[in-house]
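The values are calculated or read from the model by the stated rules, or taken from the named source; none is laboratory data. Since the structure is predicted, the reported quantities are computational estimates derived from the model, not experimental observations. Neighbour counts run over all protein chains shown; Cβ positions are idealised from the backbone, glycine included.
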Amino acid sequence: SQQGEEDPQALSIQEGENATMNCSYKTSINNLQWYRQNSGRGLVHLILIRSNEREKHSGRLRVTLDTSKKSSSLLITASRAADTASYFCATSRLESSYDKVIFGPGTSLSVIP
Amino acid sequence: EAQVTQNPRYLITVTGKKLTVTCSQNMNHEYMSWYRQDPGLGLRQIYYSMNVEVTDKGDVPEGYKVSRKEKRNFPLILESPSPNQTSLYFCASSRQRGVYEQYFGPGTRLTVT
């Protein structure tokens with residue numbers, strides 16, 4: 001089964017609103033990363049949060065991590081049409097002495113102008 | 001400019017005709033990886049390489065080969081492509097597996113008829 005699962009699968013909001021996406025995972029992790037993908041293009045790294053961190057910010061992005069609940073959230077404030085994309089969480093956990101990275105299925109965000 | 005390049009970007013081929021998708025990075029990254037992305041399945045890792053001459057299978061390696069003779073290059077080889085390998089392929093690189101963010105190439109859309 002997948003390590004990371006994003007929720008919701010799809011989200012549609014008006015420009016200016018905040019968008020919140022969640023990621024749940026099953027086993028302990030070393031870090032969790034969020035990526036953005038514009039339609040049919042390569043993924044772009046947004047934020048990496050380590051297991052001993054609880055919150056990180058980058059511009060309009062805020063990521064939280066709750067290791068007790070095995071979940072993370074990505075908040076995009078004051079959304080713009082250009083934020084329309086798919087967002088993926090990727091969890092990294094130690095497996096066979098190496099860090100294994102697994103991507104979730106993604107949340108598709110539509111920001112309506 | 002730090003980047004991962006892939007070629008070709010689009011490829012239509014026939015069953016059984018060997019093909020190679022090239023991947024190159026200019027960031028001196030040790031770790032490189034190939035993913036395929038299919039609707040509803042997210043990104044699945046095909047093969048990865050921890051360093052030159054060190055490669056290993058990911059989650060869906062059947063039907064693929066890779067090599068890592070130089071640090072910057074990590075080609076993906078389909079010896080005998082089949083229609084179920086029709087997909088969007090991404091190459092990625094990172095300073096170190098799982099610990100740092102991955103940089104993704106622009107993708108190669110492959111159609112096998």
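The table for this structure:
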quantity: Odd one out for A:Lys100, checked against (1) touching a Ser or Thr at 6+ places or on another chain (Cβ under 9 Å); (2) more than 23 Å from B:Glu30 (Cα to Cα); (3) basic (Lys, Arg); calculated: (2)
quantity: Verdict on A:Arg93 being basic (Lys, Arg), facing chain B (nearest Cβ under 10 Å) and in contact (Cβ under 8 Å) with a residue 60 or more places away in the chain; calculated: yes
quantity: Flag if A:Arg62 is of a type outside the set (S, T, N, Q), within 12 Å of chain B (Cβ to nearest Cβ) and surrounded by 14 or more Cβ atoms within 10 Å (Cβ to Cβ); calculated: no
quantity: Residue that is nearest to B:Thr15 (Cα to Cα) [pool: residues in the stretch B:59-99 that are within 12 Å of chain A (Cβ to nearest Cβ) and without any contact (Cβ under 8 Å) to a residue 12 or more places away in the chain]; calculated: B:Gly98
quantity: Only one of A:Asn52, A:Asn18, A:Asn30 that is crowded, with 16+ Cβ neighbours inside 10 Å and either more than 11 Å from chain B (Cβ to nearest Cβ) or modelled with pLDDT under 95 (or both); calculated: A:Asn30
quantity: Flag if A:Val44 is in contact with a strand residue (DSSP E or B) (Cβ under 6 Å, 6 or more places away or on another chain), within 8 Å of another protein chain (Cβ to nearest Cβ), surrounded by fewer than 19 Cβ atoms within 10 Å (Cβ to Cβ) and not small (Gly, Ala, Ser); calculated: yes
quantity: Unmet requirement for B:Tyr48, which otherwise passes all of (1) away from chain A (no Cβ under 14 Å); (2) crowded, with 16+ Cβ neighbours inside 10 Å; calculated: (1)
quantity: Filter pass, B:Gln25 being surrounded by 14 or more Cβ atoms within 10 Å (Cβ to Cβ) and within 11 Å of chain A (Cβ to nearest Cβ); calculated: no
quantity: Residues within the stretch B:23-49 that are among the hydrophobic types (A, V, I, L, M, F, W, C), farther than 23 Å from B:Ala2 by Cα and part of a strand (DSSP E or B), tallied; calculated: 1
quantity: Selection within the stretch A:58-103 - modelled with pLDDT of 95 or more, of a type in the set (Val, Ile, Thr) and within 24 Å of B:Phe90 (Cα to Cα); calculated: A:Thr84
quantity: Test result for B:Gly107, in contact (Cβ under 8 Å) with a residue 24 or more places away in the chain, on the phi > 0 side of the Ramachandran plot and within 14 Å of another protein chain (Cβ to nearest Cβ); calculated: yes
quantity: Residue in the stretch B:12-29 that is in contact with a Leu (Cβ under 6 Å, 6 or more places away or on another chain) and not aliphatic (A, V, I, L, M) present; calculated: yes
